[in-house]
Amino acid sequence: MKRLKKTLRACLLPLLITATASANANDHWHSVEVKAVPVSDGIYMLMGEGGNIGVSIGEDGTFAIDDQYAQMSTKIAAAIQQLSGDLPKFLINTHWHGDHTGGNAHFGEQGAIIVAHENVRESLKVEKSIKLFNMHKPPSPKEALPVVTFQNEMSLHLNGDDIRLLHVANAHTDGDAIVHFTQANVIHAGDTFFNGFYPFIDVDSGGGIAGMIAACNTVIALANDQTKIMPGHGPLANKADLVAFRDMLVVAEKNIRALIIAGKNEADVVAAKPLAELDEEWGDGFIPTDMWVKIVYSGMVK
């Protein structure tokens, strides 16, 4: 698990890369490999650089969930081709972050119909920043914007499956979508689930720990012991993995809330080490524990 978490930190490192490219950055992108993890018949999880991609390949063509960074587009297309798939006909964005939507323009130009919650389209249309990672996103071009949006839920019927898209409010962001392959018993949870470590919560985009817990409960209610769950980051998971993640969030929320109720400010809350009981199992991710406490605290006092 330690080795896995070091790998995950490396996969998330490009979030820290600013818009100024360098030779070293170019070398980095050149060296990245895309790994295809079989999930179910015709369904795969692609792990490369950024958020996990879901891919369904079948008689109706290729259907994809997220597309990582722009620099990964040609490698993602090649990985899908190696699985005997074509360029995606449909592309779902689980939320607006660049490690999940960076390839939108590339695949949109190739004819993919991009689908997302309506808040994702609005976020992509404007300038957005994530201060924690020193990341700034300019307005996205027309080709990168979702052309089909929904408010609460919608369905797609592709490759012999009925695929439900469910909005979960104010979780990782204000535009998160859960993708449920109902026949295949497969769920893509987007960044409402980081398997094995503390998650980033984009408070400035409407996210919060209470919404993350609610999103986990939504997926848990859809799942059984045989369900395969693709997290936004981390290895392919099952219901028990998600329950463990949800339980961690519940403990973190309870401990931090108790300190807030006691009148503690941010510095006091951090100094109290409210996640001490969780750190051994969850604290070796890409966000240091004290920083994650600050993120959770800021969302709870807004």
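The values are calculated or read from the model by the stated rules, or taken from the named source; none is laboratory data. What you see is a predicted model; the values in this text were computed from it and never measured. Cβ sites come from the backbone with ideal geometry, for glycine too, and all protein chains shown count toward neighbours.
Observations on the structure shown:
- Of all the residues in region 212-226, those that are part of a helix (DSSP H, G or I) and in contact with a helix residue (DSSP H, G or I) (Cβ under 8 Å, 6 or more places away or on another chain) number 7.
- In this structure, A169 does not satisfy being of a type in the set (A, V, I, L, M), surrounded by fewer than 24 Cβ atoms within 10 Å (Cβ to Cβ) and more than 28 Å from T289 (Cβ to Cβ).
- Members of region 227-279 found to be on the phi < 0 side of the Ramachandran plot, under 24 Å from the mean Cα position of the chain (by Cα) and part of a loop (DSSP other than H, G, I, E, B), listed by number: T227, P231, G232, P235, L236, N238, L275, L278
- Number of the condition not met by A79 [criteria: (1) within 24 Å of W29 (Cβ to Cβ); (2) in contact with a helix residue (DSSP H, G or I) (Cβ under 9 Å, 6 or more places away or on another chain)]: (2)
- Criterion (buried (at least 20 other Cβ atoms within 10 Å of the Cβ) and either modelled with pLDDT under 95 or among the hydroxyl-bearing types (S, T, Y) (or both)) met by exactly one of G285, G208, G190, G196: G285
- Scanning region 253-288 for residues that are under 18 Å from T192 (Cα atoms) and touching a Phe, Trp or Tyr at 6+ places or on another chain (Cβ under 8 Å) yields W282, G283, G285, F286, I287.
- Flag for I57 being closer than 22 Å to G111 by Cα and buried (at least 22 other Cβ atoms within 10 Å of the Cβ): no
- Counting only helices (runs of 4 or more DSSP H) wholly contained in region 66-136, the ones carrying 1 or more residues that are farther than 16 Å from G50 by Cα and more than 17 Å from the chain's Cα centre (by Cα) occupy 73-82, 104-109, 118-125.
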